[in-house]
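> Starting off with a structure, shown below.
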Amino acid sequence: MASGNYSATIGVGCESKGLYSFAVGYLAKSYMTNTIAMGKFVKAQATNSIVIGSGSSNADSRMLTNGIPNSLMIGFNSCFPTLFVSGSNGFNTTGKVGIGNIVPKTKLHVKSDANEDAGFILEPSDRSNSAYIQLYNDKNIISVKPNVGLSVMSQNGNINFESDNIVMNAKVAINATENFLKDCDYALAVSGGILTTKVLVKEVDEWYDYVFDDDYSLLPINYLQRYIGENGHLPDIPSESNVLTNGYDMVEMDGLLLKKIEELTLYIIELNKLIECQQEIINTLQYK
């Protein structure tokens with residue numbers, strides 16, 4: 001039944017009461033000026049509103065009802081719309097889009113139902129193509145590329161993570177090439193250097209204070225001299241060729257260097273004792 005001026009209905013049980021209103025389908029109702037109701041168990045009851053789809057029944061509380069002026073609602077088999085488009089603020093402006101939400105706070109606002117995750121999927125039909133989100137321009141992109149994985153590109157070269165903690169349950173490579181990462185079994189791989197004000201090694205398997213134990217035996221100086229002459233490096237310390245080929249473990253090397261410093265300290269103490277003993281002998285001979 002069309003009772004509004006310049007209104008019309010098509011279908012069964014439809015009502016069109018608003019000025020310039022239109023209702024089509026089954027039990028569709030268009031009550032206000034410039035409204036359109038299309039579908040089953042749907043109602044447009046705000047000026048310039050459009051509703052398309054179907055409610056869950058003809059009961060007033062179960063109809064798909066658009067009561068927001070200057071907006072579009074689309075949904076099926078529910079009193080809540082799946083898609084909502086809000087009105088704009090006027091000339092040269094645009095509205096907002098809500099999915100699962102009739103009060104979108106941004107251009108696109110996705111809200112899940114209770115006990116449902118909120119998300120969206122970008123899936124190219126051909127897995128050889130990429131899926132991406134472009135932000136502002138083609139210099140700021142978050143993408144998933146074949147044979148690369150997740151990629152983030154920033155126009156100014158900076159990516160800021162404003163969070164107390166960043167947790168990654170995976171290996172991290174910075175500025176690293178495939179050749180650099182070959183046979184790499186480290187949680188963090190960096191090519192090009194690290195600038196920091198502090199490094200803390202929390203767990204160490206071995207330290208070398210046992211060098212100062214009473215039963216620790218220093219290598220004889222003559223043996224040490226012969227070893228250096230034959231090998232070109234201190235005992236326990238890797239050779240130059242070894243380090244150039246394989247690198248070195250900083251924790252292990254720091255410990256070994258400490259060990260050598262402690263051994264050197266013991267050699268100096270022994271040398272000082274010898275000097276003191278010789279000085280006593282010299283003093284004795286001088287006063288005879």
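The values are calculated or read from the model by the stated rules, or taken from the named source; none is laboratory data. Source: prediction; values computed, not measured. As a convention, Cβ positions derive from the backbone with ideal geometry for all residues, glycine included, and neighbour counts pool all protein chains shown.
> Looking only at segment 26-57, count how many residues are out of contact with any strand residue (DSSP E or B) (no Cβ under 9 Å at 6 or more places or on another chain) and closer than 15 Å to GLU15 by Cα.
Number of matching residues: 1.
> On to the next question. I need every pair where a residue in segment 52-75 that is in the same structural domain as SER21 (by TED's automatic domain parsing) and in a loop (DSSP other than H, G, I, E, B) has its Cβ under 6 Å from the Cβ of a residue that is of a type in the set (Lys, Arg) and surrounded by 18 or more Cβ atoms within 10 Å (Cβ to Cβ), sequence separation at least 6 or different chains.
Close Cβ pairs (under 6 Å, with a partner that is of a type in the set (Lys, Arg) and surrounded by 18 or more Cβ atoms within 10 Å (Cβ to Cβ)) amount to MET63/LYS43.
> Is it the case that LEU150 is surrounded by 12 or more Cβ atoms within 10 Å (Cβ to Cβ), more than 30 Å from GLY67 (Cβ to Cβ) and not assigned by TED's automatic domain parsing to the domain that holds LEU72? Walk me through how you get there before you give the answer.
Numbers: surrounded by 12 or more Cβ atoms within 10 Å (Cβ to Cβ): no; more than 30 Å from GLY67 (Cβ to Cβ): yes; not assigned by TED's automatic domain parsing to the domain that holds LEU72: yes.
Against the criterion (surrounded by 12 or more Cβ atoms within 10 Å (Cβ to Cβ), more than 30 Å from GLY67 (Cβ to Cβ) and not assigned by TED's automatic domain parsing to the domain that holds LEU72), LEU150 does not qualify.
> Quick check on my filter: what residues within segment 228-251 are closer than 26 Å to ILE269 by Cβ and either part of a helix (DSSP H, G or I) or touching a residue at least 60 places away in the same chain (Cβ under 8 Å) (or both)? Write out each step before concluding.
Of all residues in segment 228-251, those closer than 26 Å to ILE269 by Cβ come to 228-229, 231, 233-237.
Answer for segment 228-251, where residues must be closer than 26 Å to ILE269 by Cβ and either part of a helix (DSSP H, G or I) or touching a residue at least 60 places away in the same chain (Cβ under 8 Å) (or both): ILE228, GLY229, ASN231.
> Please tell me if GLY53 is under 40 Å from the mean Cα position of the chain (by Cα) and surrounded by fewer than 21 Cβ atoms within 10 Å (Cβ to Cβ). Before the answer, list the steps.
Values: under 40 Å from the mean Cα position of the chain (by Cα): yes; surrounded by fewer than 21 Cβ atoms within 10 Å (Cβ to Cβ): no.
Criteria not met by GLY53.
> While we're looking at this one, here's another question. Taking the condition of being surrounded by 12 or more Cβ atoms within 10 Å (Cβ to Cβ), more than 19 Å from ASP249 (Cβ to Cβ) and either in contact with a strand residue (DSSP E or B) (Cβ under 6 Å, 6 or more places away or on another chain) or hydrophobic (A, V, I, L, M, F, W, C) (or both), how many residues in segment 183-220 meet it?
Number satisfying all stated conditions: 3.
> A further question follows. Restricting the search to segment 104-127, which residues are farther than 19 Å from PHE76 by Cα and of a type in the set (Val, Ile, Thr)?
Residues satisfying the conditions are THR106, ILE121.
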